[in-house]
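Student: First the structure, which I've put down as structure tokens, then a few questions once you've had a look.
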Amino acid sequence: MAMRIVAGDLKGRLIQAPKTQATRPTSDRARETLFNILAHAVWAPPLQSARVMDVFAGSGALGIEALSRGAGFCLFVESAAAARKAIQSNMAAMKLGAGAQLYRREALDIGRRPKGVGGPFSLVIMDPPYHQNLIEPCLRALSAGDWMTDDALVIAETSVDETLAPPDWTVVSDRVIGAAQFWFLKRGPEPIGV
């Protein structure tokens, strides 16, 4: 099934998916709903000029959608060779240039944020394999490595039959879209204005 960018400057452009069964791309409908939520939620950081991380990036569709809608920079974090090849192909086809960078690293062993990727990120999107309990350890690794701003929003995708309640994080919202559940997380106690 072909995937396309849903909205923004790159609307309608085709996204190449990795040639592997190990990656489960987020559907066009799910991406559209997700970014509509971000555009209207009082607790979401502005997407315009935002620094975005797409962790367990797969095809890079979520990060590319963010860039298409006005994000300033996206770092795609991916360790699988087939997925990295698809991301590189998509970055070239979309002519993302300096607005995007591919970071070859295991998300759970990401280490300290290097100077070469710039400052911390205000929006982190993670779509790990389902049923492997990867989100909480990934949040710990990103926090320990100074990858996120203090008020960063994390969007984590799980299967609908999974629950998520990471220590030191508040679920400000969640949404079921098809077979996926999206969790919107902020650090610390419940943010004001939610």
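Student: Once you charge only the Cβ atoms, +1 for Lys and Arg and -1 for Asp and Glu, what is the size of the charge dipole of segment 86-194 about its Cα centre, to the nearest 20 debye? Could the numbers behind the result be given before it?
Tutor: Details: 10 positive and 13 negative charges, 119 e Å.
So the dipole magnitude of segment 86-194 works out to roughly 580 debye.
Student: What are the extents of the Cα atoms of segment 29-96 along their three principal axes, listed from largest to smallest and rounded to whole Å?
Tutor: Principal-axis extents of the Cα atoms in segment 29-96, largest first: 37, 21, 18 Å.
Student: Lysines near Lys95 by alpha-carbon distance under 28 Å, same-chain residues fewer than 8 away left out - which ones?
Tutor: In chain and number order, the partners are Lys11, Lys19, Lys85, Lys115.
Student: Next question. Show me 135-148, 3-16, 71-84 ranked by packing, highest mean number of other Cβ atoms within 10 Å first. Let's see the in-between values first.
Tutor: Numbers: 135-148: 17.9, 3-16: 16.4, 71-84: 20.6.
Result, highest mean Cβ count within 10 Å first: 71-84, 135-148, 3-16.
Student: From Cα coordinates alone, what are the radius of gyration and Dmax values for segment 118-194 in angstrom?
Tutor: Looking at segment 118-194, its Cα Rg and Dmax stand at 12.2, 36 Å.
Student: Quick one: give the max-minus-min coordinate of the C-alpha atoms of segment 123-164 along each principal axis, largest first, in Å.
Tutor: 30, 16, 13
Student: Along Cα→Cβ, 7 Å out, is where each label goes; now give me the distance between the ones at Asp168 and Ala41 in nm to one decimal.
Tutor: 2.1 nm
Student: Another one. What size of dipole, in debye to the nearest 20, comes out for segment 54-129 about its Cα centre when the only charges are +1 on Lys and Arg C-beta atoms and -1 on Asp and Glu C-beta atoms? List each step's numbers first, then the result.
Tutor: Values: 9 positive and 6 negative charges, 62 e Å.
Taking the Cα centre of segment 54-129 as origin, the dipole is about 300 debye.
Student: Once you compute Rg and the Kirkwood Rh from C-alpha atoms, what is the Rg to Rh ratio for the chain?
Tutor: Numbers: Rg = 15.1 Å, Rh = 16.5 Å.
Reported Rg/Rh (Cα atoms, Kirkwood Rh): 0.92.
Student: If I stretch the segment between Ala92 and Ser79 completely, what's the gain in nm (0.36 nm per residue apart, minus their alpha carbon distance), one decimal? Don't skip to the answer; put the middle values down first.
Tutor: On the way: separation 13, 0.36 × 13 = 4.68 nm, distance 1.87 nm.
Taking Ala92 through Ser79 to full extension adds about 2.8 nm, to one decimal.
Student: Compare the peptides 121-134, 152-165, 55-68 by average per-residue count of other Cβ atoms within 10 angstrom and give them in order, highest first.
Tutor: Numbers: 121-134: 19.3, 152-165: 17.4, 55-68: 27.3.
Packing order, densest peptide first, comes out as 55-68, 121-134, 152-165.
Values in this text are rule-based calculations from the coordinates and carry no lab data. Computed from a prediction, not measured in an experiment: that's the story for all the values here. Counting neighbours? That spans all protein chains shown, and the Cβs are built from the backbone with ideal geometry, glycine included.
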